[in-house]
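Structure first, then comments.
The values are calculated or read from the model by the stated rules, or taken from the named source; none is laboratory data. Since this is a predicted model, take the numbers as computed values, not measurements. Note that each Cβ is placed from the backbone with ideal geometry, even for glycine, and that neighbours are counted across all protein chains shown.
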Amino acid sequence: MNTKQRSLRITSAVIFLFALLPGFSAVFAQVKIGTNPTTINAGSALEIESTNKGLLMPRISLANTTTWGLAGIAAAGMHVYNTNAGITSTNTAYPTLVAKIGEYYWDGTGWVALAPIAKSTSISSFSQSTPGVAVYIASSNSPLCTFNGGTPPPACAIDLNRNGTFTVATPINDITIDITGTYSVSYNDTQVNWYFLIAIDKTTPGVYEIVDNVYITHSGTGCSANYLNIKTALQNLPARTYNIKAYLAPWVDSGHDAWVGIGTQSSPGACGSNDYLNQKMVVSVSQ
């Protein structure tokens, strides 16, 4: 018997022995590890089943959330357990875990932290600066003050002396702004309308831009009042300190000229309250 024949017989014998093993038909297509090795989900290439054992991920020391750092070519879907407590982030889209150490996966551009990032919340309350503000709304069937979101408040919008500030320290954040308080309206004999604008120096420090607006319709006539409760939210602003302002933009008043008082009387001595201390702006920052 020559060497080639002997090798062929040995190979055939090995294949025959494997063929006798349970589940051999799945060897080349699927792999099952652990309990019930012959029962495998048809949709899985690799399945692990156990009631008392886990999957131990490869433990790797990652340097930066946007540096591959492993052998070979970067591949989306790679999972590792980072052991480096000094891992850094130079891209706000790829923050580290709060504890740094933990599980990450590569999405094609950077390492994504798998555990939720713990956030703390700070709440600040600001009263209206003295004095309160009374706004004149002329009789008009056409819009009196037009504006566009994302731009500075127009000159026709009235600063209401309602100011706030907040500081963002991390790139992952949620900001909620609540504005509450009463207002009064005088002299109108029909429905009067205006916009309440919220502006923040969102892009450039000190340069305010409109981030939200709320349309107010007031139907009371003569001397009447109502309560405001306005809420707006922002998310993932760059880390720095921000300033907030509130404005009133007159819109349409198809009847008699009207005055709106916010933090002050709309008609001195006759309508409304000088309650600027009760005009609140509450800013909540979770980060």
Strands (runs of 3 or more DSSP E) enclosed by the stretch 71-156 - at least 3 residues per element that are at negative phi and in contact with a Pro (Cβ under 9 Å, 6 or more places away or on another chain): 79-82, 133-137
Members of the stretch 207-227 found to be more than 19 Å from residue 156 (Cα to Cα) and either surrounded by fewer than 16 Cβ atoms within 10 Å (Cβ to Cβ) or of a type in the set (Lys, Arg) (or both), listed by number: 219, 220, 222, 226, 227
Residue satisfying condition, being crowded, with 18+ Cβ neighbours inside 10 Å and farther than 30 Å from residue 259 by Cβ, within set 188, 173: 173
Selection from the stretch 233-272 of residues that are over 37 Å from the mean Cα position of the chain (by Cα), assigned to a loop (DSSP other than H, G, I, E, B) and either under 26 Å from residue 154 (Cβ atoms) or in contact (Cβ under 8 Å) with a residue 12 or more places away in the chain (or both): 254, 255, 256, 257, 265, 266, 270, 272
So residue 38, is it assigned by TED's automatic domain parsing to the domain that holds residue 100 and either within 17 Å of residue 113 (Cα to Cα) or surrounded by fewer than 14 Cβ atoms within 10 Å (Cβ to Cβ) (or both): no
Residues that are free of Cβ contacts under 8 Å to residues at least 40 places away in the same chain, among the β-branched types (Val, Ile, Thr) and either part of a loop (DSSP other than H, G, I, E, B) or closer than 21 Å to residue 92 by Cα (or both), drawn from the stretch 44-66: 51
Residues within the stretch 65-93 that are touching a Ser or Thr at 6+ places or on another chain (Cβ under 9 Å) and under 13 Å from residue 115 (Cα atoms), tallied: 1
